[in-house]
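Read the figures in this text as sums done on the coordinates, not as results from a lab. Note that the coordinates shown come from a computational prediction; the quantities given were computed from them, not determined experimentally. Neighbour counts run over all protein chains shown; Cβ positions are idealised from the backbone, glycine included.
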Amino acid sequence: MSARLHGRGGLRQRGFSMLEVLIALLVLAFGLLGFALLQTMTLRYTQSANHRTQATNLAYDLLDQMRANRYQAAWYGGKGGASFEAGTVVASDCSRPIGSVSVAQSTARWKCQVVQALGSSASADVVYSANGDVSITINWGDQRWDQRAPDALTSFVVSSRL
C-alpha cells in the first residue's frame, strides 16, 4: 500500500498549495487596506458633519439671543458686536458671565463658543440691517478630505428677519 501512495498512480493532492495561500492572503490584505481607508474617510466626514451641526446650532443660538433682545439687536452686528476675525478670540481666555449679562458679555461668550467648537481658524460676520434682516456667516477651516487645501474655509450662512 505504501508503494501505491508514493508511486505514479498515487492519490490526488490534498490541501492547498503555498501559492494559493499567498494569493488568498494578498486578496485579504487589499480588502483590509480598502476597509481601513474607508474608515479613515468616514471619520473625516463625520467630524465635518459635526462641525456643520455646531455651526448651525451656534448661528441659531445667536439669532435667538437677538430675538429675545429685539430692541438692542443692532448691537449684535458688526465688529463691535458678534463679528470677529480668525485668531482674534482665544478660547483659553474665555469665561462664563454670571448674573445680569450685557450684550457685550453675551457676544463675547458666543464668540468663545464658536472658537471652542470650530477651532482657532473660526470667524463670524453678523450683519444687521435697519429693517430687521439679519445675516450670520460662520467660517472655519474644515476641508480634511482635500489633500491640496485641508484648511480651506467652510462657511455656514443663515439669514432671518427679526
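At a glance:
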quantity: Residues of the stretch 118-144 with amide N under 12 Å of the 7 Å Cα→Cβ point at residue 88; calculated: 123-126
quantity: Cβ-derived FRET efficiency at R0 45 Å, residue 33 paired with residue 60, nearest 0.05; calculated: 0.60
quantity: The chain: angle of helix 103-118 to the longest principal axis, Cα-based, in degrees nearest 10; calculated: 10
quantity: Cα→Cβ-extended label distance, 7 Å offset, between residue 44 and residue 101, nm; calculated: 3.7
quantity: Value of [θ]222 nm, deg cm²/dmol, for the chain, DSSP H segments ≥ 4, -39500 (n - 2.57) each, nearest 500; calculated: -15500 deg cm²/dmol
quantity: Distant-in-sequence amide H partners of residue 82 (H built 1.01 Å from N, under 5 Å); calculated: 77
quantity: For residue 94, net neighbour charge (Lys/Arg +1, Asp/Glu -1) across residues whose Cβ lies under 9 Å away; calculated: +2
quantity: Max mean-square fluctuation residue, GNM over the chain, Cα-Cα springs under 10 Å, options 100, 129, 17; calculated: 17
quantity: Ranked 18, 41, criterion: other C-beta atoms within 10 Å, fewest first; calculated: 18, 41
